[in-house]
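Engineer: One structure is given below, represented as C-alpha cells, and several questions about it will come after.
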Amino acid sequence: MPKLKTHRGTAKRIKISPRGKLLRGRANAVHFNEKKSEGRKRTIATKARVRGSIARNLKRALGV
C-alpha cells in the first residue's frame with residue numbers, strides 16, 4: 001500500500017503536542033473584540049484539544 005499524503009489544509013490548522021494530542025485554535029478571535037471581556041479573549045487565545053472520532057479522522061489526514 002502506498003504512503004498517504006498529508007492533507008496540507010489540515011496540517012496548517014492542527015498542531016500535534018509532544019505527547020501526540022491534537023490542538024486547534026478557537027473561533028471568534030479576529031474582530032469585534034472590543035465588546036468581549038478580557039477573560040473571554042484569554043480563553044479564545046488558548047488552544048483547544050480535539051477528541052474522539054474527529055481526532056481519529058484528523059490523525060488519518062495528517063498521516064500520524
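Each reported figure results from applying straightforward, stated rules to the coordinates on display, with no laboratory input. Given the structure is predicted, the values throughout are model-derived calculations rather than measurements. No Cβ is skipped: glycine too gets one built from the backbone with ideal geometry, and neighbour counts run over all protein chains shown.
Engineer: For the stretch 26-64, how many residues are over 16 Å from K15 (Cβ atoms), part of a helix (DSSP H, G or I) and without any contact (Cβ under 8 Å) to a residue 24 or more places away in the chain?
Structural biologist: Final tally of qualifying residues: 11.
Engineer: Next up: Could you count how many residues in the stretch 4-22 are exposed (fewer than 14 other Cβ atoms within 10 Å of the Cβ) and touching a strand residue (DSSP E or B) at 6+ places or on another chain (Cβ under 8 Å)?
Structural biologist: 4
Engineer: Look at R26 and say whether it is surrounded by 10 or more Cβ atoms within 10 Å (Cβ to Cβ) and in contact with a helix residue (DSSP H, G or I) (Cβ under 8 Å, 6 or more places away or on another chain).
Structural biologist: Answer is yes for this residue.
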